[in-house]
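Asks: Pasting a structure here, questions to come.
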Amino acid sequence: MARVIHIALLGLVSLVSAVGRETESLPSILSRAPYVQCATATSIWVLWRTTRPIQPVVRYGLSPQQLSSRVERSAIVVRLAPTTNRADLELTNRWAGLTLGPRLHSAPAGTVQYEAHLTGLRPATTYYYAVCDGDQPLTAPDPSYHFRTHPLPGTLVPIRFGAFGDSGTGRERQRRVWEALLEFTARDRHPMDFFLHLGDMAYNRGRDVEFSTRFFGPYEATLRHTVFWPTFANHEGITSKGAAGLGPYFDAYRCPTNGEAGGAPSGHEGFYSFDYGPAHFISLNSHDEDRRPTSRMAQWLKRDLAQTRAQWLIAFFHQAPYSKGSHDSDREKEMIQMRTYIVPILEAAGVDLVLAGHSHIYERSMLVDGAYATPTIAENAVLDDGDGDPRGDGPYRKPAGRLPNAGTVYVVAGHGGATMRRKATCPLMRKTILEHGSLLVDIQGDTLTGYMIDHYGDVRDTFSIVKRDGVTPMRLAYPWVPPAWIAAKAPATMDELGTSPPDSYLELIPRNATWQYLAGTHPRSDAWTRLGFDGRDWQVGEAPFGYGPPDVQFGTVLADMPGRYTTVYLRREFDVEAADAVTELGLLIAYADGFIAYLNGHEVLRRGVGQDRGRSARDITPRRAQDRTALRYYPLRDAERYLRTGRNVLAIEGHVANLNSPACLLDPALISED
Ligand SMILES: [Fe+2]
Ligand SMILES: [Fe+2]
């Protein structure tokens, strides 16, 4: 780091992060720390994973000192990784009396997942618990291992819940959003009763390892005592299948299917509902379920809405019906269909609040009804065009009870951590904020209040809905029109800025490492990019490679390069302990002018080289002097497909724009998300 390479990346200096701190004190046998799921008034599930079989015991009780109850062995489900040999494990006789569940869809070899069902609990009661291997506790004797059962449906209790989607990047911003929300609820000493995750919780493909590092890791200390109710989304949908209920998403969650948490039995974990006191919550699969009115999901939704007696109705799903953020609801099929087919059902049943993500932005509507057309227009589809802020224009008012079509507020809270974008302004939106954060919702009696809390902990939007007698909904022919949005000058491209590196990572190939290199000539074939290549006639040198900028301390100066050749080839082998445990591989690199990187023979990254490769490489863009030495981060595309357990090889060809280029620089490090 003593070398003068500009640290141009936000957050790069805080490489050692707080994420994962909680896990350090736990015995390493826990590969997924205990977390609670599917709470009802009288029951809850506790799930966890270990790296080898144990004798699972969950002890619980009304005080941390008195965990006098034990979960029946028959109420603990054991699930094995696909590659774990069941016959070997059964010889240990540890599982007598337990229930053997379906195998996990994907998990590292040897993984055992335990799912314990705690039943016969008292409503609205706080219990403490410990997870043990026989008599040996696996969880610290810490009161944070607790949960609170739901109040009986219909009980008039205050409710507080958080929500966002699109968080699972493993980046610093994800962590800051979460910390800001927790600090906010700690400041007013009012923790969340539960959390609604609006989907895209494990980028990039919802793999098991991405769930571990980008969902369970960052939220671990909360997941042990607070239920996250999920909804199925497109990134999870790459490896999980919602309609079939299979994949890492369904391994991770226990969702109600038989109406056990309230509502009508859905028969599927992909869409479900639950009650909490005076409110009823509905999670829909907007991603890969049939959304048409005749579909099983729409039919179930109608049954569910017809039978609930709750005072407040809240629906959540991933693909927002109204958005002009990173996704346009006038263009994407899923969003159009949710609006055309599902929103009319919700509004006809008197749903008060609809939460969604997908679009990486915060957008919050006026009080809306009947905006089903495409493109979305606000004329005659708004019942109150004020700002809904109790300290501004005043709260939105609805009649008491659940009258049909009395107005709904729509929130896009896809601002949980992923890169933000805005395309335009949705005409229904009262507030559009391009900033990371979360949504916090309080329900107290006849009033629901939502707060947008940004990643600094500041409240950026407040809206309320008050339900009282004596209100008659009226349609506005010409509601308030949000100001037009003018796109800022085109932002610097990903090519130029790269992205931020993972919040914590390991160096597989450090800066200043020693590489095999070839300069002044070209390899005869592309065998040099693969393992097993005989590189005896290559030279060996330390990075950085190149010539030019006087402020760079080159490890290997290519003094003969100017005027003679434009390309240099590097290769280095490295070892990986367990390829299936790697979430993301990326290059931290300063370069001039362009390069192509290969992992085990496959091209995984290209910057500044327009076409072709090697001696045929063309369209190489000269970089500006100040960009050449700036360290950038780029994830390697599809690296998880090509990475192998054991030995691998990273190969990089570096190019300058022409023989007279003032500088050449290749200063790479290969990192993996930790
Ligand atoms: Fe997303
Ligand atoms: Fe999405």
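The values are calculated or read from the model by the stated rules, or taken from the named source; none is laboratory data. What you see is a predicted model, and the numbers here were worked out from it, not measured in a lab. When we count neighbours, we look across all protein chains shown, and the Cβ atoms used for this are built from the backbone with ideal geometry, even at glycine. We work out accessible area using only protein heavy atoms, side chains counted, and drop any ligands, DNA or RNA first. Shrake-Rupley method; radii C 1.70, N 1.55, O 1.52, S 1.80 Å.
Asks: Against the condition closer than 30 Å to Leu434 by Cα and either open to solvent by 20 Å² or more (accessible area, probe 1.4 Å) or within 16 Å of ligand 2 (Cβ to nearest atom) (or both), how does Leu152 come out, does it pass?
Replies: Against the criterion (closer than 30 Å to Leu434 by Cα and either open to solvent by 20 Å² or more (accessible area, probe 1.4 Å) or within 16 Å of ligand 2 (Cβ to nearest atom) (or both)), Leu152 does not qualify.
Asks: So how many residues does the range 358-375 have that are hydroxyl-bearing (Ser, Thr, Tyr), part of a strand (DSSP E or B) and within 16 Å of ligand 2 (Cβ to nearest atom)?
Replies: 1
Asks: Now a separate question. Return the only residue of Tyr633, Tyr565, Tyr569 being in a loop (DSSP other than H, G, I, E, B), open to solvent by less than 60 Å² (accessible area, probe 1.4 Å) and either touching a residue at least 60 places away in the same chain (Cβ under 8 Å) or out of contact with any His (no Cβ under 6 Å at 6 or more places or on another chain) (or both).
Replies: Being in a loop (DSSP other than H, G, I, E, B), open to solvent by less than 60 Å² (accessible area, probe 1.4 Å) and either touching a residue at least 60 places away in the same chain (Cβ under 8 Å) or out of contact with any His (no Cβ under 6 Å at 6 or more places or on another chain) (or both) holds for just one of Tyr633, Tyr565, Tyr569, which is Tyr565.
Asks: Check Glu347 against each of (1) acidic (Asp, Glu); (2) within 16 Å of ligand 2 (Cβ to nearest atom); (3) more than 15 Å from Asn234 (Cβ to Cβ) and name the one condition it does not meet.
Replies: Only one criterion is unmet by Glu347, namely (2).
Asks: Please enumerate the residues belonging to the range 579-600 that are over 15 Å from Glu507 (Cα atoms) and in a loop (DSSP other than H, G, I, E, B).
Replies: Asp593, Asn600
Asks: In the range 467-498, which residue that is touching a Gly at 6+ places or on another chain (Cβ under 9 Å) and at pLDDT 80 or above is least open to solvent (accessible area, probe 1.4 Å)?
Replies: Lys467
Asks: Checking Thr257 against (1) more than 16 Å from ligand 1 (Cβ to nearest atom); (2) more than 18 Å from Cys38 (Cβ to Cβ); (3) of a type in the set (Val, Ile, Thr); (4) surrounded by fewer than 24 Cβ atoms within 10 Å (Cβ to Cβ), only one condition comes out false. Which one?
Replies: Result: Thr257 passes all but (2).
Asks: So, in the range 328-347, exactly how many residues are without any contact (Cβ under 8 Å) to a residue 40 or more places away in the chain and either open to solvent by 20 Å² or more (accessible area, probe 1.4 Å) or among the small types (Gly, Ala, Ser) (or both)?
Replies: 6
Asks: Search the range 212-240 for residues being within 15 Å of ligand 1 (Cβ to nearest atom) and in a helix (DSSP H, G or I), and hand back the single one that is surrounded by the fewest Cβ atoms within 10 Å (Cβ to Cβ).
Replies: Applying the filter and picking the extreme gives Ile238.
Asks: Yes or no: Tyr591 of a type in the set (Phe, Trp, Tyr), surrounded by 16 or more Cβ atoms within 10 Å (Cβ to Cβ) and either within 34 Å of the chain's Cα centre (by Cα) or closer than 30 Å to Thr51 by Cα (or both)?
Replies: Yes.
Asks: Any idea how many residues of the range 266-284 are of a type outside the set (A, V, I, L, M), open to solvent by less than 10 Å² (accessible area, probe 1.4 Å) and outside any loop (DSSP other than H, G, I, E, B)?
Replies: Final tally of qualifying residues: 6.
Asks: Follow-up question, since we're still on this one. Hey, which of the strands (runs of 3 or more DSSP E) in the range 53-156, taking only ones fully inside, have at least 1 residues that are touching a Gly at 6+ places or on another chain (Cβ under 9 Å) and in contact (Cβ under 8 Å) with a residue 60 or more places away in the chain?
Replies: Ranges flagged: 56-61, 76-80, 112-118, 126-133.
Asks: Examine the range 324-334 for a residue that is within 15 Å of ligand 1 (Cβ to nearest atom), part of a helix (DSSP H, G or I) and of a type outside the set (Gly, Ala, Ser), and state whether such a residue exists.
Replies: yes
Asks: If I go through the range 84-140 residue by residue, how many of them are in contact with an Asp or Glu (Cβ under 8 Å, 6 or more places away or on another chain) and at pLDDT 95 or above?
Replies: Residues meeting the conditions: 3.
Asks: Right, something else. Please determine, by comparing only the residues of the range 435-484 that are out of contact with any strand residue (DSSP E or B) (no Cβ under 7 Å at 6 or more places or on another chain) and hydroxyl-bearing (Ser, Thr, Tyr), which one is farthest from Asp369 (Cα to Cα).
Replies: The extreme case among them is Tyr456.
Asks: Among the candidates Asp290, Asp251, single out the residue that is within 21 Å of Tyr35 (Cβ to Cβ) and not hydroxyl-bearing (Ser, Thr, Tyr).
Replies: Answer to the selection: Asp251.
Asks: Same structure again: Return the only residue of Leu355, Leu313, Leu305, Leu301 being within 16 Å of ligand 1 (Cβ to nearest atom) and at pLDDT 95 or above.
Replies: After ruling out the rest, the residue left standing is Leu355.
Asks: Still on this structure, I have one more. State all residues of the range 409-418 that are away from ligand 2 (no atom under 12 Å from the Cβ) and among the β-branched types (Val, Ile, Thr); if no residue qualifies, say none.
Replies: Val409, Val411
Asks: In the range 158-184, how many are open to solvent by less than 40 Å² (accessible area, probe 1.4 Å) and either in a strand (DSSP E or B) or of a type in the set (A, V, I, L, M) (or both)?
Replies: Residues meeting the conditions: 9.
Asks: Across the range 533-558, which residue is surrounded by the fewest Cβ atoms within 10 Å (Cβ to Cβ) among those that are free of Cβ contacts under 8 Å to residues at least 24 places away in the same chain and in a strand (DSSP E or B)?
Replies: Result: Gln539.
Asks: Any idea which residue in the range 185-211 is least open to solvent (accessible area, probe 1.4 Å), counting only those that are farther than 27 Å from Thr139 by Cβ and away from ligand 2 (no atom under 16 Å from the Cβ)?
Replies: Asp188
Asks: Ok, one more. Any chance you could count how many residues in the range 185-211 are more than 16 Å from ligand 1 (Cβ to nearest atom) and in a helix (DSSP H, G or I)?
Replies: Summing the residues that are more than 16 Å from ligand 1 (Cβ to nearest atom) and in a helix (DSSP H, G or I) in the range 185-211 gives 5.
Asks: Continuing with this model, one more query. Given Asp593, Asp627, which one is in contact (Cβ under 8 Å) with a residue 24 or more places away in the chain and farther than 21 Å from Pro523 by Cα?
Replies: Asp627
Asks: I need the full set of residues from the range 286-313 which are closer than 23 Å to Leu246 by Cβ and part of a helix (DSSP H, G or I), in order please.
Replies: Residues satisfying the conditions are Arg296, Met297, Ala298, Gln299, Trp300, Leu301.
Asks: With respect to the numbered conditions (1) out of contact with any Gly (no Cβ under 7 Å at 6 or more places or on another chain); (2) open to solvent by 10 Å² or more (accessible area, probe 1.4 Å), which one is the sole condition not fulfilled by Pro404?
Replies: Every listed condition holds for Pro404 apart from (1).
Asks: Here's another thing I want to ask about it. Within the range 450-462, identify whether any single residue is modelled with pLDDT under 95, open to solvent by 20 Å² or more (accessible area, probe 1.4 Å) and among the hydrophobic types (A, V, I, L, M, F, W, C), and answer yes or no.
Replies: Checked the range 450-462: no residue is modelled with pLDDT under 95, open to solvent by 20 Å² or more (accessible area, probe 1.4 Å) and among the hydrophobic types (A, V, I, L, M, F, W, C).
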